[in-house]
Protein chains: 2
Amino acid sequence: MYLEDVQDAARRLEGVAHRTPTVTSRTFDELTGTTSFFKPENLQRGGAFKFRGAYNAISSLPADQLARGVAAFSSGNHAQAVSIAAGMVGTHAVILMPEDAPAAKVQATRGYGAEVVTYDRYTEDREALGRALAEDRGMTLVPPYEHPLVMAGQGTAALELLADAPDLDVLVVPVGGGGLIAGCSTVAKALRPGIRVVGVEPEEGDDTRQSLAAGERIDIGVPRTIADGLQATIPGALTFEVNRRLVDEIVTVTDAQLVDAMRFAFDRMKLVVEPSGAAGFAALMAGAVPAAGGKRVGVVISGGNVGSARFAELVGAS
Amino acid sequence: MYLEDVQDAARRLEGVAHRTPTVTSRTFDELTGTTSFFKPENLQRGGAFKFRGAYNAISSLPADQLARGVAAFSSGNHAQAVSIAAGMVGTHAVILMPEDAPAAKVQATRGYGAEVVTYDRYTEDREALGRALAEDRGMTLVPPYEHPLVMAGQGTAALELLADAPDLDVLVVPVGGGGLIAGCSTVAKALRPGIRVVGVEPEEGDDTRQSLAAGERIDIGVPRTIADGLQATIPGALTFEVNRRLVDEIVTVTDAQLVDAMRFAFDRMKLVVEPSGAAGFAALMAGAVPAAGGKRVGVVISGGNVGSARFAELVGAS
């Protein structure tokens with residue numbers, strides 16, 4: 001994947017994806033000693049960056065393949081993205097979702113027109129199930145990150161952020177399967193070679209950190225964390241190949257730090273951010289990313305799909 | 001006040017106020033039968049549109065007057081706005097706030113550097129107190145709406161919205177003291193004479209509706225509503241003079257409808273909206289604004305200053 005692949009994706013997404021704004025917060029800057037620029041992909045279609053990759057992949061399918069429909073397996077945000085993208089290009093979608101996925105995500109996915117099939121994420125292999133499902137129905141499987149067009153589409157978030165804030169010193173990106181950071185680091189390192197790309201994982205879900213340290217992909221089993229979008233068990237093969245070259249560092253955050261960051265985003269920035277989406281905020285607020293002294297930091301907010309009831313439960317109680 | 005006054009304000013605010021984006025929601029459109037364009041002033045500096053008016057007025061003061069500082073009385077959002085604007089132009093601010101104002105608003109106002117003095121909104125006259133306070137200290141009082149520069153600054157929200165969505169059929173604006181809708185309707189009727197301007201008030205706080213019906217300003221006493229930003233007891237003299245000419249209709253919403261709208265904004269649009277700010281959403285969702293049949297509707301979201309704990313209390317419980 002090269003910068004050009006992300007630029008091609010940006011052309012496909014123009015007028016289709018929302019061009020989310022770049023937002024800033026003096027309070028956040030004072031708190032962290034940084035000059036930070038946030039990319040709020042919670043305001044993207046479907047409430048997360050996932051639409052960028054899904055639409056880029058689906059809209060590139062040949063017509064006959066497209067007509068047979070698309071399938072996806074996802075903990076939630078990719079599901080909504082595929083559902084919306086399928087609707088926009090006029091085909092149907094079947095989505096395999098964990099049965100304990102947040103109700104708001106399942107409901108939204110159905111609302112966008114997709115058929116939802118559930119599985120148990122602690123006992124069943126979603127990739128095998130997803131492939132079988134796609135094969136049975138002759139549908140094309142749209143993976144959530146393991147696909148060059150998906151990664152390239154996801155990288156358009158950084159392309160836009162760097163257009164608004166070109167002179168970033170650091171780029172902070174949440175890491176699940178690694179597609180978002182793979183696309184973003186491809187853009188960032190091409191446009192600004194000296195930039196430091198920092199990934200953020202949940203403390204209990206640091207498969208990419210462990211894998212980078214080991215120099216090979218490590219499977220850590222399903223991590224228990226409130227960051228349901230970052231519950232990858234092992235980095236993707238394609239994403240790891242990119243990230244081992246381009247990601248400078250992975251830092252981790254606790255669930256409590258994610259909740260603090262969600263509260264800050266709500267109270268001070270008026271943004272609804274899901275636990276996974278708050279990873280960048282949380283890492284900076286916890287001082288886990290060395291960026292004080294006024295460094296210019298780009299922070300990708302990956303998504304905002306947390307229901308109001310769940311938010312109240314997580315944030316309101318304390 | 002003319003369109004030119006708002007355009008002058010826009011020049012003063014360029015690069016100072018956030019140019020908030022225009023956002024859309026297919027789900028909202030399907031739900032309401034409209035094509036709606038939201039102006040999320042919850043993402044403005046200080047979390048509300050008030051900064052536009054406060055900065056426009058304060059930055060226009062002569063240097064000697066500015067040096068003596070500014071004072072304001074406010075239920076909260078104007079307080080934060082004056083505090084931020086004063087800090088940006090390098091003067092100090094004293095803010096008179098009701099003692100039952102939301103804690104998040106008082107805290108934020110102090111955080112921005114202002115001195116806060118409290119009063120009892122049910123027994124004391126805030127305007128008289130504010131004037132006495134300003135006079136005692138030789139400070140200039142910056143009113144929350146009763147000032148041509150404040151109204152003109154507030155109107156820049158509509159100027160930006162109409163730049164992004166020029167062919168609106170209807171513009172829906174929350175109504176407290178009436179400054180926001182006065183500024184916005186001045187812009188809207190000048191740029192698009194056929195547009196219908198609809199104000200929204202809380203059911204219990206319909207002083208402007210009653211006043212328009214009576215042809216004169218009616219004092220309704222302090223209304224009890226969760227929409228603390230819309231608790232005006234009587235329209236402003238200056239704002240009423242504009243609004244009686246330019247506002248086509250006032251509709252009302254209940255507190256329960258405001259909470260439903262806040263929940264929708266959170267769950268589907270990832271926006272933190274305070275009760276007052278949700279008035280436009282609520283009116284459209286309740287069918288109170290005749291705009292179905294795909295009418296193109298502009299909706300001003302006036303603010304997002306509701307603390308996460310209060311939000312959880314209002315929205316999470318049900």
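The values are calculated or read from the model by the stated rules, or taken from the named source; none is laboratory data. Bear in mind that the values here come from a model prediction, so they are computed numbers and not experimental data. Glycine also receives a Cβ, built like all others from the backbone with ideal geometry; neighbour counts cover every protein chain displayed.
In this structure, is residue A:188 over 30 Å from residue A:310 (Cβ atoms), in a helix (DSSP H, G or I) and over 19 Å from the mean Cα position of the chain (by Cα)? Break it down into steps so the answer makes sense when it comes.
Values: over 30 Å from residue A:310 (Cβ atoms): yes; in a helix (DSSP H, G or I): yes; over 19 Å from the mean Cα position of the chain (by Cα): no.
Answer is no for this residue.
Scanning region A:33-45 for residues that are more than 10 Å from chain B (Cβ to nearest Cβ) and touching a strand residue (DSSP E or B) at 6+ places or on another chain (Cβ under 8 Å) yields A:34, A:35, A:36, A:37, A:38, A:39.
The combined condition, being within 12 Å of chain A (Cβ to nearest Cβ) and either assigned to a loop (DSSP other than H, G, I, E, B) or charged (D, E, K, R) (or both), is not fulfilled by residue B:216.
Of note, residue B:175 satisfies the criterion of being among the β-branched types (Val, Ile, Thr), under 18 Å from residue B:289 (Cβ atoms) and either under 11 Å from the mean Cα position of the chain (by Cα) or crowded, with 24+ Cβ neighbours inside 10 Å (or both). Whenever a residue of region A:283-308 is within 14 Å of chain B (Cβ to nearest Cβ), its partners that are in a loop (DSSP other than H, G, I, E, B) and among the charged types (D, E, K, R), lying with C-beta atoms within less than 7 angstrom and at least six residues away or across chains, give the pairs A:303/A:274; A:304/A:274; A:304/B:270; A:305/A:274; A:306/A:274.
State whether one or more residues within region B:64-79 are aromatic (Phe, Trp, Tyr) and more than 30 Å from residue B:36 (Cα to Cα). Steps first, answer last, please.
Applying the first criterion (aromatic (Phe, Trp, Tyr)) to region B:64-79 yields B:73.
Within this subset, residues satisfying the condition of being more than 30 Å from residue B:36 (Cα to Cα) are B:73.
Yes, region B:64-79 contains a residue that is aromatic (Phe, Trp, Tyr) and more than 30 Å from residue B:36 (Cα to Cα).
The residue that is farthest from the chain's Cα centre (by Cα), among those in region B:112-134 that are over 20 Å from residue B:230 (Cα atoms) and without any contact (Cβ under 8 Å) to a residue 24 or more places away in the chain, is B:132.
When residue B:131 is tested against the conditions (1) in contact with a strand residue (DSSP E or B) (Cβ under 7 Å, 6 or more places away or on another chain); (2) outside the structural domain of residue B:92 (by TED's automatic domain parsing); (3) of a type outside the set (A, V, I, L, M, F, W, C); (4) part of a helix (DSSP H, G or I), the lone failure is (2). Among all positions in region B:272-287, there is at least one residue which is surrounded by fewer than 20 Cβ atoms within 10 Å (Cβ to Cβ) and within 30 Å of residue A:265 (Cβ to Cβ). Filtering A:266, A:240 for residues that are modelled with pLDDT of 95 or more, farther than 17 Å from residue A:42 by Cβ and aromatic (Phe, Trp, Tyr) leaves a single hit, A:240.
Criterion applied to A:23, A:16, A:6 was being closer than 19 Å to residue A:80 by Cβ and either within 13 Å of chain B (Cβ to nearest Cβ) or in contact (Cβ under 8 Å) with a residue 12 or more places away in the chain (or both), and the one residue passing it is A:16.
Could you look through region A:70-91, keep only residues that are small (Gly, Ala, Ser) and over 19 Å from residue A:146 (Cα atoms), and pick out the one that is nearest to the other protein chains (Cβ to nearest Cβ)? Walk me through it before giving the result.
Residues of region A:70-91 that are small (Gly, Ala, Ser), as a first pass: A:71-72, A:74-76, A:79, A:81, A:83, A:85-87, A:90.
Then keep just the ones that are over 19 Å from residue A:146 (Cα atoms); that gives A:87, A:90.
On the way: A:87: 9, A:90: 15 Å.
Per the stated criteria, the residue is A:87.
Summed over region A:45-101, the residues that are among the hydrophobic types (A, V, I, L, M, F, W, C), modelled with pLDDT of 95 or more and assigned to a loop (DSSP other than H, G, I, E, B) give a count of 2. When residue A:40 is tested against the conditions (1) assigned by TED's automatic domain parsing to the domain that holds residue A:19; (2) in contact with a His (Cβ under 6 Å, 6 or more places away or on another chain), the lone failure is (2). The residue that is nearest to the other protein chains (Cβ to nearest Cβ), among those in region A:102-125 that are buried (at least 21 other Cβ atoms within 10 Å of the Cβ) and touching a Ser or Thr at 6+ places or on another chain (Cβ under 7 Å), is A:112. Listed conditions (1) closer than 21 Å to residue B:11 by Cβ; (2) within 14 Å of chain A (Cβ to nearest Cβ) are all met by residue B:48, apart from (1). Per the listing A:245, A:263, the residue uniquely over 18 Å from the mean Cα position of the chain (by Cα) and more than 14 Å from every other protein chain (Cβ to nearest Cβ) is A:245.
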